[in-house]
Amino acid sequence: CLSQKNENLHWSLYIICFPGLVAKASRANNSKRKPCILYLDSLLHRGGSRATSKLLRSYLSEEYSYKRGKEISFDSKNFPTYELHVPQQKNFSDCGLYLLQYAECFCKDPINHTTDEQECRAWFDQAAVNKKRKQIETIIEKLHPY
């Protein structure tokens, strides 16, 4: 998982899925596991994922070459980015809470088959975000009592 804080002071989440399968793609891989990047944004900045996705693919290509001693190109065809339809924040201050909630939901129930603009809006509701806020407040109070 990778979180990104962009120049507009907003957090979004990128999840890199099955990068090791890119090298195996030429061998007729019929698995439901598809190599991709999942992009989750609580303010739905459409198109905001392109530059970061390109940077992540470049990193993966370099990392693969360094660790495996072989050249492989991660590109938008063999490693696409899917912008998931996820619950949206109602204000301009909860993006960090939403990012944490996305990560938690994904870890509990990972998406194993992706399609462009996957529907995940039912993952959680505003009550879950409010609960997450309270959990974080409790942790902070325990770590730093007044």
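Where a number appears in this text, it was derived from the coordinates with a stated rule and is not lab data. In this text, all values refer to a predicted model and were calculated from it rather than measured experimentally. When we count neighbours, we look across all protein chains shown, and the Cβ atoms used for this are built from the backbone with ideal geometry, even at glycine.
One table, with the values for the structure above:
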quantity	calculated
Sparse-neighbour loop sites [trypsin sites (Lys or Arg not before Pro); the range 55-110; at most 12 other C-beta within 10 Å; DSSP]	Lys70, Lys77, Lys90
Dipole of the range 51-146, positive end: most advanced residue of Ile111, Leu143, Gln88 [Cβ charges, Cα centre]	Leu143
Whichever lysines have a C-alpha closer than 26 Å to that of Lys131, once near sequence neighbours (fewer than 8 apart) are set aside	Lys5, Lys90, Lys108, Lys142
